[in-house]
Amino acid sequence: MKSSTIVYPKSATVLIRSDSFTSLFIVLLLFINTSLSAQEQSKAPLLTREDIPYNDVKTGSLYLKSPDGYFTALRQNSDYHVEVNGFLARVSFSQTFKNTSEYFLEAVYVFPLIDDAAVDSMVMEVGERKIVGKITEKQRAKKIYQQAKQQGKKASLVSQQRPNMFTTKLSNIAPGEIIKITISYLQSVNYSNDEFSLRIPLTITPRYMPQKVVPKKVKKLNLVKLAKNEDGNSPAKIETSTVINNTGWANISPPQTRSSAGQKVNIDIALNMGLALTNIVSRYHQITKQQQNNTTYLSLKSNSVLLDRDFVLTWQVAQGNAPKAAFFQVADDSFNYGLLMIMPPVVSQGETISKDVTYIIDTSGSMGGVAIKQAKQALHAALEILNTDDSFNIIAFSSDTKKLFKHSLSAAPTNIAIAKHWLQKLSAGGGTNMYPAISQALHVKAEENAAESAVASKYKQVIFITDGSVANEQELFTLIESNLANTRLHTIGIGSAPNSYFMSRAAELGRGTYRYIGSINEIALQMRKLFSDISQPLMRNINVDWPVDNLEYYPLLIPDLYKSQPMVISARWPKVSQTPQTKLKSTIKVTGGLADKNWQEQIHITENKTYNKSNQGIDQWWARQKIKHLTQQYRRSDEQQKVLLKQQITQLALKHHLVSPYTSFIAIEEHVSRNPNAQPITKKIANLMPKGSTQMVPLANTALGIMGYFYIGLALLFIGFLLQLLSFKRKSLATK
């Protein structure tokens, strides 16, 4: 059989070349487009340290730094040692991290605490070496840290971002190295519904974003950029596993895993309330208990547990029909420090105090929509829990002010019905002019005295509800101080707008309470709880007679005692030589009005000669309360006074070894760990999924852009292959 020979015409040759160049041109376009896309992504806004979502951090989190910004990392091991003395808890908290990459890393460790936490110690352990932090002035600490970082030394810097958020900067974490950070702090113990509670956050629940919140057409490009810059996941996974906040950034959640990966925690707690304890319960973990003298020692039943759920411990103090007082004391070389705690009594339904309550509600424009609706619903609930022998009034304010009644009327069903109807007609609009409303609530005019004679002897409360901010803070403080008399002022901040400084300080001056409700959805529930709590002031007009001179105590204005809030007073006084005469006077006398009776209790104190280790932290707690007081003064002082107050705060923090707005902890290793020319990079580590979570675990890519280089390499290989193929075809055609 004769073989056939195919003859290619010239036109065919041209066609082949045309098709080859077309294919090559398309490939080049794709490559260029990929490069431009990568370049565009590199120009996307990167997450800087200022962009770290401090408000969303619920537990200790490590943010590792790379050229693309900050990424969250895994907590390897955690250890908690807690000593509870009365209303005060000392927590020694350590977490271990390992650099599993081949690069030197720099990181920012963020740990949230309750508002009154006082950080007073930091230790960094690197292998066998231990580096103890020293407290110093904040700006000086920053300079020392930067200098150590540039020199290639390990360094750690603890700073206060806000009163309840602290950060630790770590530099030059070597490849494969384990670093353990231990931070010690003081905090008050939570008390609610007749029980104390201590919560230790151990895990982070992954955040979700309903797809209807962020339309794909609008946010898809940003999600792609965030996927490349942060999580390394595909856009489809991003859309179901992250949340976009109001700035357009995804809230940072660490990558998740269901493997334990060595993530474990040890917890040891010593409870000493100064009073008999009952109903000690760990809600989610099995514990062991051991009683020694007045202290109960608790620990986890197993040596360690997984970091997949928070640890919550609750306990109660055996209460009676009268308040109970406990006193804790410690001393240094020059001063004695004391912590006085008064527990509320168990009150029967019949033991209530007749009240005259004025509710102030903000109806300015910013309260429009859900906020005003929820506030009115909450006031409806507040009216329902008034007793028949109570009296009340309501003041609404915006640009102007209007009253429900000319003066307070009894909480009779008819008056309650009138008030509810009046509330329904309120609408939001106008400015936020607080002064006239507060003035009307506190100031009783002479011509109204006769009409109010029936309520003159009642316990007077003002409950102030607002979501607005003010600029004339000092003017309002003066108004409250001048007109408070026997009234108690409680403040409630709604949403994100309230001036928390003004609201908390106003409540302190008003000898009342301040509650902040950040979520609109929680307003009705939280306000019902608050109204229920303050509807039963169990003891008022409290007075503490101290047997010492030159006493300095906080808070300066002692609030009333409510069923949900033990009263805590922190004090300091100079050490003096004991004599038989002073021993006779070493008794604290606490008195107050309990319903229609007078109550008193005496507590014996002694002159401490040495530092009582079991009560350590009481001196730092006093210093923390004074710093809080000085900081409040700073906010309303002129520039000259601010300089002096800043010096006082700094000196006080340095003396008591506390992190404050003007001081930081700095720990520097003398040994050089890294060549100064080598730059630290980042590797991400996964967080252990919460127990019981059914969320699909997303697979994380690397954070160093390796996949991008891989795809570019494939594209170049493909282009090279096409060029080689084209060259081969040209040679074949030329020979024919």
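A few comments on the model shown:
- Qualifying residue in the range 632-643 (condition: closer than 30 Å to Lys529 by Cα and at pLDDT below 85): yes
- Taken together, the residues in the range 515-557 that are out of contact with any helix residue (DSSP H, G or I) (no Cβ under 6 Å at 6 or more places or on another chain), hydrophobic (A, V, I, L, M, F, W, C) and modelled with pLDDT under 85 amount to 7.
- Scanning the range 571-625 for residues that are of a type in the set (Lys, Arg), more than 31 Å from the chain's Cα centre (by Cα) and at pLDDT below 80 gives Lys583, Lys585, Lys597, Lys609.
- Residue that is nearest to Ala506 (Cα to Cα), among those in the range 541-551 that are surrounded by fewer than 16 Cβ atoms within 10 Å (Cβ to Cβ) and in contact (Cβ under 8 Å) with a residue 24 or more places away in the chain: Asn541
- Residue in the range 454-468 that is hydroxyl-bearing (Ser, Thr, Tyr), assigned by TED's automatic domain parsing to the domain that holds Ala378 and modelled with pLDDT of 80 or more present: yes
- Of the helices (runs of 4 or more DSSP H) lying entirely inside the range 346-453, those containing at least 1 residues that are farther than 23 Å from Arg488 by Cα, modelled with pLDDT under 85 and in contact with a Gly (Cβ under 7 Å, 6 or more places away or on another chain) span 370-384.
- Test result for Ile385, aliphatic (A, V, I, L, M), over 14 Å from Phe464 (Cα atoms), in contact (Cβ under 8 Å) with a residue 60 or more places away in the chain and surrounded by fewer than 18 Cβ atoms within 10 Å (Cβ to Cβ): yes
- Considering the conditions (1) of a type outside the set (A, V, I, L, M); (2) modelled with pLDDT under 85; (3) surrounded by fewer than 22 Cβ atoms within 10 Å (Cβ to Cβ), Asn483 is excluded by exactly one of them, (2).
Yes/no matrix, rows are residues, columns are (1) crowded, with 17+ Cβ neighbours inside 10 Å; (2) part of a helix (DSSP H, G or I):
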| site | (1), (2) |
| --- | --- |
| Trp622 | yes, yes |
| Lys628 | yes, yes |
| Thr631 | yes, yes |
| Gln640 | no, yes |
| Gln647 | no, yes |
| Ala653 | yes, yes |
| Leu658 | yes, no |
| Ser664 | yes, no |
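- Sole exception among (1) under 18 Å from Ile534 (Cβ atoms); (2) without any contact (Cβ under 8 Å) to a residue 60 or more places away in the chain; (3) of a type in the set (Asp, Glu) for Asp400, by number: (1)
The values are calculated or read from the model by the stated rules, or taken from the named source; none is laboratory data. Note that the structure is a prediction, hence the values are computed from the model and not measured. FYI the Cβ positions are ideal-geometry reconstructions off the backbone, even for glycines, and counts take in every protein chain you see.
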